[in-house]
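Reading through the structure tokens given below for one structure.
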Amino acid sequence: MWSATRRSAAVLAAAIFTLMINPSSCCEFITTTLPPAATGACKPVTWENKNDNGAATPTTTSVAPRPTHTYAVPWKLGSDVQEGEIFCRYHAKTYEDVGPNECARLADRYGLSLDKFYFLNPTLVAPDCGGIRPWTSYCVRGFIEPVRAYDGWCGPDHRDATCIGMDRGQCCNSETWRCGDRNDEDCAPGICYEGVCWGHKVYTTDGTCGEQNGGRQCAGKWGDCCSKDGRCGTGDEFCAEAKCQSGNCVCDHV
């Protein structure tokens, strides 16, 4: 900055001296000798790489983008999932490095059994995680979409349609085979076949019980004792110690 000022002063002094000697040359000297007026702006400073010829080259740094994850089990909205398809509610991602232990790692991380992980991801081959791919999303929360009782009819006579998630009620009444939500009827033990209740696998809906019938218990209209021959009822024929296998069995002695 100071050097430019000194040069301008020297040029001005030379112009004055020339004017004193030869006044007619004033305008010509000034217009051809004086430097152009300064703009007042500093020239920007940049760092540049030079090639072999001295020319500037770009200094950009390129980073390879990550691959896009693909879904091993397609992600769908609930309304788009068809019966019998896997309805996956949550996916877990793999990255660049995968191997035969990746299936076990994902199953352990998301708290499901290895068998369930393979069930939710049928493209994988047990037991060595065959077919596992990098940059892929695998299902770790989900189920097979059941037949739903959209028309209100449920149970064995209606393709085993479930009432779960239905607006009419989420309990399948084994007496009417209709979905409902009455706690003392549709959802009661001994009546509710399936849904938001204990269901027929815990409490009988046909009067059979005991170890010979899947361990089902007796309740409601069926009585509270299961006889040794696997029938529900009440009274000594079912509840006496010598005849009762489960329920409110009565001891013959204290």
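The values are calculated or read from the model by the stated rules, or taken from the named source; none is laboratory data. As the structure is a prediction and not an experimental result, all values here were calculated from the model. Counting neighbours? That spans all protein chains shown, and the Cβs are built from the backbone with ideal geometry, glycine included. Keep in mind that these areas ignore ligands, DNA and RNA; they rest on the heavy atoms of the full protein, side chains included. Shrake-Rupley method; radii C 1.70, N 1.55, O 1.52, S 1.80 Å.
Below, the figures for the structure above:
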quantity: Subset of region 152-172 (residues that are in a strand (DSSP E or B) and open to solvent by 60 Å² or more (accessible area, probe 1.4 Å)); calculated: Trp153
quantity: Answer from Asn183, Asn173 - the residue that is of a type outside the set (Asp, Glu) and at pLDDT below 95; calculated: Asn183
quantity: Matching residues, region 115-131, being under 18 Å from the mean Cα position of the chain (by Cα) and farther than 16 Å from Pro74 by Cα; calculated: Lys116
quantity: Lone unmet requirement of (1) open to solvent by 40 Å² or more (accessible area, probe 1.4 Å); (2) out of contact with any Lys or Arg (no Cβ under 7 Å at 6 or more places or on another chain); (3) within 20 Å of Pro156 (Cβ to Cβ) for Gly247; calculated: (3)
quantity: Tally of residues being open to solvent by less than 40 Å² (accessible area, probe 1.4 Å) and either over 20 Å from Tyr150 (Cβ atoms) or free of Cβ contacts under 8 Å to residues at least 24 places away in the same chain (or both) across region 173-207; calculated: 12
quantity: Selection count where residues are hydrophobic (A, V, I, L, M, F, W, C), without any contact (Cβ under 8 Å) to a residue 40 or more places away in the chain and more than 15 Å from Cys129 (Cα to Cα), scope region 76-114; calculated: 2
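Each row is one residue, and each column tells you yes or no for (1) open to solvent by 60 Å² or more (accessible area, probe 1.4 Å); (2) at pLDDT 90 or above; (3) among the acidic types (Asp, Glu); (4) touching a Lys or Arg at 6+ places or on another chain (Cβ under 8 Å).
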residue: His69; (1), (2), (3), (4): no, no, no, yes
residue: Asp97; (1), (2), (3), (4): yes, yes, yes, no
residue: Leu114; (1), (2), (3), (4): yes, yes, no, no
residue: Pro146; (1), (2), (3), (4): no, yes, no, no
residue: Tyr150; (1), (2), (3), (4): yes, yes, no, no
